[in-house]
Amino acid sequence: MDSKPTGLVAVISMLFLFIQIICPAGVAGDITGVCYGRNGNNLPSPADTIALYKRNNIDAIRMYEPFADMLEALRGSGLSVAFGPRNEAIQSLAQDPAAATNFVATWILPYKNDVAIKWVTIGNEVFPGDIAPFVAAAIRNVNTALTNSGVSGIAVTTVVAMSALENSYPPSAASFLPDLTEIMTEISSILSQTNSPLMANIYPYFAYASDPKDISLDYAVFKSNTPVVIDGDLKYSNMFVAMVDGFNAALEKINARNVVVTVAESGWPTEGNPPYTSVDNARAYNLGLLTCGGATRMRTPRRPETAVDVFLFEMFRENQKQGPVEESFGMFSPDMTPVYTLFCPA
């Protein structure tokens, strides 16, 4: 008996395959996360925003500070949540355990029963800089405050940018800046003890736009089908995983191989710097991240056993950011219409 589908069965099978191709299940690792900012004067309400996340099968949100109205809207939503204090508060959290206790009492305890707070980020891109030396103590104090409050299951971490690395090409050459080695060793030790990831902001767009002669668009937006960078025994066909592996290599050099890298931001702008910015490039890049999800979750050559979780940047176009490039990372307009088709409605 011929086992090939015929007639209506064949049509249904082809339709299902088409849906799988254009609507991949999940981003990179276990989550489909999207960053949420408020640098706009025309953004939807928190309730409408959460409803939009849900309609598009987005299951995690990263905020850059704790917004009380958004946390209220998140009650019972099931979305996994990441947020942290403003960078200006980190020194106080490091030097005064009472400040960490107050942070937990204000932003964790009132919501812990019906908001799935999974990550607390102590510092967003503060390495290198004057705040960097305070991050480890702040993480430690917030962890202690959570423990003393009987709260578990929240990873307390920090978010680093590529500027924290010395060298990133090839990935195996990457290491943390000499001035950061001691700091990152201490932070990574805490992350290892608490089974928390190191979060990193990964942007192939900026690397490509600054050096289009040496970096191909296909390599930057997941369109290369063959290795572009060969690093010893490791082969890289896209810049995203090469950049993630730069952090993995840097962690190895400070004996922190067991610390997993989670991508706190990654995206591509649609306007402001043509021809590098365009809807086509942005969609190709973000769809490249999404295509690596589901049953074939993204893994890097250096960490083939570990799926990489990613938060896409960002949910909305924000009209109060500096310049057209920064304004145009958003995947939805403020009226909640998509800038381009990417997510699969629920």
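The values are calculated or read from the model by the stated rules, or taken from the named source; none is laboratory data. Note that this is a predicted model, so its numbers are computed, not measured. Backbone-built Cβ (ideal geometry, glycine too); neighbour counts: all protein chains shown. When the accessible area is computed, the model is the full protein with side chains, heavy atoms only, and any ligands, DNA or RNA have been set aside. Shrake-Rupley method; radii C 1.70, N 1.55, O 1.52, S 1.80 Å.
Against the numbered list (1) over 30 Å from ILE154 (Cα atoms); (2) buried (at least 21 other Cβ atoms within 10 Å of the Cβ); (3) of a type in the set (D, E, K, R), ASP245 comes up short only at (1).
Only one of the numbered conditions (1) within 15 Å of ALA138 (Cβ to Cβ); (2) within 19 Å of the chain's Cα centre (by Cα); (3) open to solvent by less than 20 Å² (accessible area, probe 1.4 Å) is not met by ILE90, and that is (2). Residues that are modelled with pLDDT under 95, within 18 Å of SER266 (Cα to Cα) and open to solvent by less than 60 Å² (accessible area, probe 1.4 Å) within the range 322-346 comprise TYR340, LEU342, PHE343, listed in sequence order.
Taking the range 227-304 and the strands (runs of 3 or more DSSP E) fully enclosed by it, the elements with 1 or more residues that are under 20 Å from TYR205 (Cβ atoms) and not aliphatic (A, V, I, L, M) are at 234-236, 261-266. crowded, with 20+ Cβ neighbours inside 10 Å, closer than 27 Å to ASP179 by Cβ and of a type in the set (Lys, Arg): is that true of ARG317 in this structure? No.
A count restricted to the range 161-204 and to residues that are out of contact with any helix residue (DSSP H, G or I) (no Cβ under 6 Å at 6 or more places or on another chain) and assigned to a loop (DSSP other than H, G, I, E, B) stands at 8.
Screening the range 147-174 for residues that are under 28 Å from ARG86 (Cα atoms) and in contact with a Lys or Arg (Cβ under 8 Å, 6 or more places away or on another chain) and picking the one that is surrounded by the fewest Cβ atoms within 10 Å (Cβ to Cβ) gives GLY153. Anything in the range 113-143 that is open to solvent by less than 40 Å² (accessible area, probe 1.4 Å) and of a type in the set (Val, Ile, Thr)? List them, or say none. Within the range 113-143, VAL115, ILE117, VAL120, THR121, ILE122, VAL126, VAL135, ILE139, VAL142 meet the criteria.
Within the range 51-69, restricting attention to residues that are touching a residue at least 60 places away in the same chain (Cβ under 8 Å) and open to solvent by 10 Å² or more (accessible area, probe 1.4 Å), which residue is farthest from the chain's Cα centre (by Cα)? Top of the filtered list is ARG55.
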